[in-house]
Each structure stands twice: as C-alpha cells, then as structure tokens.
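These notes are about the structure you will find just below.
The values are calculated or read from the model by the stated rules, or taken from the named source; none is laboratory data. Fair warning: this is a prediction, and the values are worked out from it, not measured in the lab. Neighbour counts are summed over all protein chains in view; Cβ atoms, including those assigned to glycine, are modelled from backbone coordinates with ideal geometry.
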Amino acid sequence: MSSQDHLNVHMSSSSTTAGGSPPATGPGDLARRYVRWTLRHGPLLWLIALALGVTSGVAMFKLYRNLSSEIDELLPRDAPSVRALEELRAQLPGLAMLGVVVDAGDQANLPAAEKFLDALAERIRAYPSRLVRSVRTGRYEEKQFFERFGPLFIEEGDLVEIRDQLESRRSWEMRQRLGIAFDDPEPPEQQLSEILHKYEKRVSTSVISPTGRFSMARDNPREALSLVLVEAAEFASSARFPAELVSRVKADMAALGGPERYAPGLRVGFSGNVAVSAEELSALSQDLGVSSVLVVLAVLTVILVYFRWWSAIPILCLPLCIATVLSFGLVSLPPFGVQRLNSSTAFLGSIVVGNGINFGVIWLARYAEARRHASTVEAALAEAVWGAFPGTIVAAVAAAASYASLMLTRFRGFNQFGAIGATGMIACWGMTYLLAPSLVAWIETRFEPKHHDVRPPTPRRSRATTFIHGLLQRRNSVLVVAAVITVVALIELRSLNSGHIESDFTRGRRRDTWTSGEGYWGGKMDRLLGGSLTPTVVLTNSRQEASAVAARLRKAVDQPPLAGLVEKIRSLDDLLPADQPKKIEALKQLRRLLSPTVRAQLAPEQLSLVERFLGPSLDNLRPVRLEDLPPTLTAGLRERDGTLGRTVLVFPMTKRLWQNGVLEPFIGGLRRIAAEAVATGAQPGRVAGYLPLASDITRSLRRDGPLASVLALGAVSAVVLIIFRASGSGLLVLGSLVLAITWMIGATLLLGLKINYVNFAAFPITFGIGVDYAVNIMARYRQAQRAAATGPPGASGAGTEEALASTARAVTLCSLTTIIGYSSLLLAKNRALFLFGVVAVMGEIACLSTALLVLSAALSAFAARGSSSRASRQYHRAPR
C-alpha cells in the first residue's frame, strides 16, 4: 500500500466509514508480520528499553541536579558576554553579594535590629572560606580610610578654586586693614563648603548612619533599616552555591530565635545577586515539582475519562515514561552534550509528556475501535499499527522538525530546547510502536483472561463532538466569524515590530519578588546604600589600559549612549590619587591661607567640613600606598592572585536601562570605549556582568527568533507537502496552520504580551504540534470522500459531516493533553515561564480551532457543493 493510501485512512478513534461499516481496506502483510515480531520479542524489547531507561534516568537526574537559573546558560559559549563572564569568574573572587536586611519599622527598634544582625554576622564569619570572603555591618574601614586620606582625593581643579577664593579673601582683608577697600565694602563670597561638600559623602559615608554602620531611619515614610552585607567567595554562577549560602543563613537566623526574639515587628529579607540566584532557582524547582505532579494527574484523568478503561493508563504511560527519560539521556551524549538544564529547558519533561502522549492516544484509540471488529488481539493490533501509522508518523516528524529547527540557531536556550524536544518526539513515537503492542497483549491475556471477549468500551459521544457537529451545520457562520477574527488579527499584526521583544529582564523574574522577595528587599538595600552594589566590569590586561578605559568612560558619561545611565565609575586610580606629594604641599598652603577672620565667617557645620579637609590632620598626611587600601574598597579591583588595577567598575542606573532600546546601545557603547582605549592590535577590554548578558540575549533573540520560526514553518511545510504529494489537500492543511499562527500572534499583540527569551520558543514548536490536527481532519475528509464516491447520491455531504464530527474526539484529546502540559506553566512563579505557558496554550487553542472549526467547516461546504453538483449531473444524464 502506498503512503498516499495510508493517508486516506482515518487517524482518529473511528475506523468505520460514514455508514458505519468497516473500511474497504485493512492491514497488509507487513503490519501483521511487524505485530507478530513485537509479540515474539516483547520481553527482550522491554528488557532493553528498561535498561536504557535506567541508564538514561541517571543522566536525567544529573541534568536536573545541575539545574541553573542563570541566564548565561541561554547563550552560546563563544558569545562575548559569556566569554567575558567566564574570564571574570576565573579572575575575580568577589562581586557576589548577599544582603540580610532588617526593617525595624520604627527608629526605636533599630538598636534591636542591629543587635540581631551583629549576632548573625558572628555566625556567618565562621562559615568556610569557600562560601564567604567577608561580612560587614558597616563601612567602618572605608570611613577610617577616607577620614585619614580624604584631602588627597580633592581634585586639582577644586584645589585651585579653593586657593583663588582664599587669596581673594586675604587680599580683601589686607585692603580693609589699609583702608583702601573703597569699591569692595562686602567681603567676597566664600564657597569653600560647597566645593568640599561633594567629597563629604565619600569621607563620612553619609548615606548610612554617621558612625558608618549600615543603618538608616526615616520619619516619612516611616522606615528604619539595618543591613549585614555578606561578600560571597564565588560569583553567583553555580546552581547550588547561592541556595546553599542562603539556606545556611536562614538556619542561623532560626537558631538565634528569629528577629522577633529581639523586638516585635522586625522583618527580615534577602537582597543582592546571590539572593536573586537562590530565589529564581527555588521558584524554578518548586514550579517544576508542581507542574510534574499536575501534568501526570491531569493526563491520567483525561485518559480514564476518554477510554473508560483502566488498562489504558499503563499502556500509554509506561512507554511514554521510558521515552521521556530516554530523550533526556540521549541529549546528554555527543553530539548534543547537554550538561545542565536551564530556565528554558527545565520544563521540557512536562512538555514532552503532554506532546508525546498524542501518538499513543491515536494508536490506542485505533486499537480499541479495531478490537470491536476483530476476533483476536493480534488482528486488532495489526489494524491499529496499520491505521494509526500514517497520521502519527506525520505528527512525529512534523513535531520533531519544528523542534529541530531550534537547533540550527546559536541561541543555546533554543538549541537545547530543540534537541530535547525533537529527540523526545521521535522517542515517544518509537516507544509506542515498539513496546505498546506486547504490553497490550500481555495485559489482555494475563489480567483480563475471564473477560477476554469484553472489548474496551466505545468512548461516549462527547459534548465537544456534539458542539462541533452543530457548528458544522452552521458552517457559513463559522467561516464568517473566522474571517472577522482573521481581519482583527491582521490589523494587530500591522503593529508588530522589534519593540514587542521584552527588553526588561526583571519582568521575567518570579511574580512575588516585588512584594516579598529580593526585588522588594533589594530596593530597601539600594535606598540604604545609596545605589546598587553590582557593577558591570570592564576587564583589561594592564593597569595602564584600565586607566585609559576609565578616563574615556568619564568623558563619555555625559554623551549618548551613556548619558544619564551611569551612577559612578571606579578604578584603582580613584583609590590612589595622582600627584599626591604635590597635593599634600598644596593642601598645607591652603591651610595657611585660612585666616582666623575667614574661619570666623564660616557656620559651625561649614567650619567642621573645612577642618576635616584642611585642619591639623594635614600635618600627618602622607601619600596613599597600596597596602593602605582596605579590602572592602578593592572588591572587584583585586584579582585572585593579588593583582590590582586591571579592572574598571561601572555602576549603572539599572532602572533606566530596562527601557526599550536603551540597554543594547549602552552595552555597545561600553564595548566600543573598552576597545578604543587600548593600543591598536591589543586585546580589547571585555565587558562582563548581568547587563551584557541581557543585551546579548536580546540581540540573539531578535536574530535567532525569526530564523527559528521560519525554519520551523519551512520544515513542517515540507513534511506536509511531501506526505500529501503537494496536492490541494496539503495546501489546505498549511492554510489552516498559517491561519492559526495569525490568530496566535494577533492574540499576543492584542493582550499586550511581549516576547521574551523563553516564550519565543512557543511559536516554532506550535507549528509542528498544531499541524497534526489539520492533518488528521484532512485525512478523515479524504477517507469520507472516497467512501462517498461509491455511495448513493446525496450521501456525500451528510457522510462527510458525520465523519469530521467523529474525528473531534481523538483530536481534541490529543490537543487537551498538550494543553495540559503547557498549562502546568500557568502556575509557575517565574513570569517568563508563565508567559511561555500563556503563549503556548493560545497557540494550541488557535491550531485546534482552525482545524476543527474552520477547516472542517470549509471541507463540509466543499463536500456539500460537490454532492449537489454530482446529483445535478446525474439528474441531467438520467433518461427522461
């Protein structure tokens, strides 16, 4: 039998023609021999499958054990931001911060909050060096350093201005004493305090308490905060490291009796990039567990409701479980070499189950129907294999092709997603045909021998089928409504542009982070410290290159694309002032110019400020040496081997960077400056951190997203056209798919859903999964048409409508299991995964709707017109 003949066979649960009789064709000798082979070698096949399953299960366990929420796992290893981040992790020991923030609520409770954090800090200091580098409750070392050496950090231009003002004042005093100040009765205005005030923040750390402790109290809004800052030993990259550190701190907080023991109403939260990693990984793990349980329970329920046969559960689920585990095991091997799962691939287990069970559903539905027309189990198995093969192989190949299209992109989040998905689809189809026949025969003969003649019950006529049958009677209305929806979707598509790609990665974090998680407590820590502690780092090969980069950056901060986006820049030059001996001499000269009269004119606060910089402490002032620098100031500047000064720290104003179209030019500007500042032919500076990763992901998504979608649509179209031999039937199937895609994209635009680095994958995989429904509808229609060709006049339209309506049961069940797999993500705390679930579910609903409603209505209309035309021709040819 040709593949074209196979396609004419109904792929759903009904194997009868419109009139209720079995189809004219049946399984050939090849199908019967295959079934006999699977029954004869069933134990061996299962033994091999279980052995592979156990081995793959170990590999799958390792993949999930290495689960990572870090976004660098989404990019290829040779991406500029990934290479720079790997160099950063190898070169620098710090920049991973965990803040434990206590909100006392009232200034009166602040001492209790500080006492609690002091006790906690002592415990954290006892942690092993692999976890913690330093623990701070304040900027004490920094405060002492700047109080001692603060005058050396006054810029030369400001020293000149101070000198000019003091000399002007001394000249005025001299003229007053000589009585010749006729034109200057008033002394010249002094702005010493205004000049020196900009250095006060660094010297006194006034953003926190005057003592230098990380504490602050405000009356309006009422807020009293205190903080202990933990500098972790490693950059927060490992899947286990952030969670281990946070978990250990929580355990010590509990051992201390919690904050309530120190004062009622104290609240504690975690902040910093370590807290972000731990929080996102925790959400990912929780979501994974919940989704897995819900998918299994929901799929089992649907199977029982549909088949009303308990044996359907092991028949469908056992091969499916082995196939799912096997797919993860295979991708851990070359050439895929997947070593860990990320935020994009973690939920593929649920998705593979939801998609992969479709092949078993079609196969078992065909067996259950054939069992009511066959005298033996073996004959029913042969008919099931023969009848379900064309539809399921098309579905498997199309789904695998759409997943595999993602593997052709360089975006690792897509690449690994495609590898696991494509392998899973082929594995699920293969395990169904290899393992299910012998399992069915074993169950029927071993567990139901007394009821061997009792066939699996016929699925009840579902409400969905009745509903669809009624809609087919109103096919013209269905087509009109579809046209209206299409017009609305096309209008929305006119606004589609790159602005619909999500550039704010903070919107992909877990939903409760802004009300009770790191987003909430991180905001409090930033207010307390006066800004973020997490910089973007520029790595260079020498101190001279770093100085050149820093100098260029400072000149560029007031010009696009950096204008208004940089809070501060820090390099070793900021800690080792230039021309220190010259500055010391200039400062002593300035102090001598401070006459008693000038001092008398200053307010007490201004005088205190002047004394701080130009007072008696200048007598013992000496140049700053490297060994004078406290470790807290050199974080991010001192490398693992002790080398200082080869890095530049850029502290950005992060909130503005998340605006659309801002981040990529900003990172591009940093990279251009880092490259231009070094000598020609030398290695350019490397920009590392979270923001470069986000920029590269956005750019990669903009490049690889459309490519993946085009490749997936092209692969699916090729499969459909080859199977349908480029006939009109194939074009109608593709038309149904394109219509569904239009609805899907239009719905995302209408709802204001932006495309992020996770949910973009929903588009290409929907092409392969969703086309299955139109393929089955078209195959059933062709069978009905072939049966009607030999039937009585007038039977074609009614027979076709009945056949198409009956197909709805199996197709709807297949779509429902897929929707269940996607819908589990709607409960995810992670917003990016939640939005993936939303887009994927909309795609499934669109594909099912266009296939069952629009395509069926169109085919029903074609059949009705064909029947009328044929009856008319027969009437005119009849003898009068």
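Remarks
- Any pair with Cβ under 6 angstrom, 6 or more apart, that starts in the stretch 522-542 at a residue that is under 16 Å from Gly138 (Cα atoms) and ends at one that is assigned to a loop (DSSP other than H, G, I, E, B) and among the aliphatic types (A, V, I, L, M): Gly530/Val207
- When the stretch 528-581 is filtered for residues that are of a type in the set (A, V, I, L, M), more than 28 Å from the chain's Cα centre (by Cα) and closer than 18 Å to Gly642 by Cα, the ones remaining, listed by number, are Ala546, Leu572, Leu575, Leu576.
- Pro560 vs. criteria out of contact with any strand residue (DSSP E or B) (no Cβ under 8 Å at 6 or more places or on another chain), more than 30 Å from Leu753 (Cβ to Cβ) and not in a loop (DSSP other than H, G, I, E, B): no
- Any hit, the stretch 92-110, residues being touching a strand residue (DSSP E or B) at 6+ places or on another chain (Cβ under 9 Å), touching a residue at least 12 places away in the same chain (Cβ under 8 Å) and among the polar types (S, T, N, Q): yes
- All positions within the stretch 135-166 that are among the small types (Gly, Ala, Ser) and surrounded by fewer than 16 Cβ atoms within 10 Å (Cβ to Cβ): Gly157
- Any hit, the stretch 573-596, residues being surrounded by 14 or more Cβ atoms within 10 Å (Cβ to Cβ), touching a Gly at 6+ places or on another chain (Cβ under 7 Å) and within 14 Å of Ile162 (Cα to Cα): no
- Filtering the stretch 85-109 to residues that are in a helix (DSSP H, G or I) and touching a Gly at 6+ places or on another chain (Cβ under 8 Å) leaves Leu85, Leu88, Asn109.
- Between Arg169, Arg213, Arg202, Arg177, the distinction of being surrounded by fewer than 16 Cβ atoms within 10 Å (Cβ to Cβ) and modelled with pLDDT of 70 or more belongs to Arg177 only.
- Qualifying positions in the stretch 674-690 - of a type outside the set (Ser, Thr, Tyr) and part of a loop (DSSP other than H, G, I, E, B): Ala677, Val678, Ala679, Gly681, Ala682, Gln683, Pro684, Gly685, Gly689
- Summed over the stretch 591-609, the residues that are under 18 Å from Trp172 (Cβ atoms), of a type in the set (A, V, I, L, M, F, W, C) and either in contact (Cβ under 8 Å) with a residue 24 or more places away in the chain or not in a helix (DSSP H, G or I) (or both) give a count of 4.
- Segments classed as helices (runs of 4 or more DSSP H), wholly inside the stretch 764-880, with at least 2 members that are at pLDDT 85 or above: 795-823, 831-849
- Here Gly289 does not fit the description of being out of contact with any strand residue (DSSP E or B) (no Cβ under 6 Å at 6 or more places or on another chain) and modelled with pLDDT of 85 or more.
- Subset of the stretch 218-244 [modelled with pLDDT of 80 or more, surrounded by fewer than 18 Cβ atoms within 10 Å (Cβ to Cβ) and within 20 Å of Phe116 (Cβ to Cβ)]: Glu223
- Exclusive hit being among the hydroxyl-bearing types (Ser, Thr, Tyr), modelled with pLDDT under 85 and surrounded by fewer than 19 Cβ atoms within 10 Å (Cβ to Cβ), set Ser503, Ser516, Ser477, Ser498: Ser498
- With respect to the conditions (1) crowded, with 24+ Cβ neighbours inside 10 Å; (2) more than 29 Å from Arg699 (Cβ to Cβ); (3) modelled with pLDDT of 90 or more, Ala370 falls short on a single one, namely (3).
- Any hit, the stretch 582-590, residues being in a loop (DSSP other than H, G, I, E, B) and either of a type in the set (Ser, Thr, Tyr) or at negative phi (or both): no
- Out of Leu281, Leu304, sole residue that is over 23 Å from Ala832 (Cα atoms), part of a helix (DSSP H, G or I) and of a type in the set (A, V, I, L, M, F, W, C): Leu304
- Any hit, the stretch 341-353, residues being at negative phi, part of a helix (DSSP H, G or I) and not hydrophobic (A, V, I, L, M, F, W, C): yes
- Verdict on Asp158 being without any contact (Cβ under 8 Å) to a residue 12 or more places away in the chain, more than 21 Å from Ala255 (Cα to Cα) and in a helix (DSSP H, G or I): no
- Screening the candidates Ala436, Ala441, Ala382, Ala400 for the property of being under 22 Å from Pro335 (Cβ atoms) and modelled with pLDDT of 90 or more yields one hit, Ala400.
- Any hit, the stretch 754-763, residues being assigned to a loop (DSSP other than H, G, I, E, B) and either surrounded by fewer than 21 Cβ atoms within 10 Å (Cβ to Cβ) or small (Gly, Ala, Ser) (or both): yes
- Filter result for the condition that a residue is surrounded by fewer than 23 Cβ atoms within 10 Å (Cβ to Cβ), touching a residue at least 60 places away in the same chain (Cβ under 8 Å) and out of contact with any Gly (no Cβ under 7 Å at 6 or more places or on another chain), over Ser292, Ser343, Ser285, Ser277: Ser285
- Qualifying residue in the stretch 47-59 (condition: modelled with pLDDT of 90 or more, surrounded by 15 or more Cβ atoms within 10 Å (Cβ to Cβ) and touching a Gly at 6+ places or on another chain (Cβ under 6 Å)): yes
- Taking the criterion of being surrounded by fewer than 22 Cβ atoms within 10 Å (Cβ to Cβ), over 30 Å from Leu225 (Cβ atoms) and among the polar types (S, T, N, Q), the only residue of the stretch 76-125 that qualifies is Gln91.
- Condition check for Val650: in contact (Cβ under 8 Å) with a residue 12 or more places away in the chain, surrounded by 20 or more Cβ atoms within 10 Å (Cβ to Cβ), in a helix (DSSP H, G or I) and of a type in the set (A, V, I, L, M, F, W, C): no
- Conditions (1) assigned to a helix (DSSP H, G or I); (2) at pLDDT 90 or above: number failed by Val268: (1)
- Residue match in the stretch 639-647 (condition: touching a residue at least 60 places away in the same chain (Cβ under 8 Å) and within 18 Å of Gly150 (Cβ to Cβ)): no
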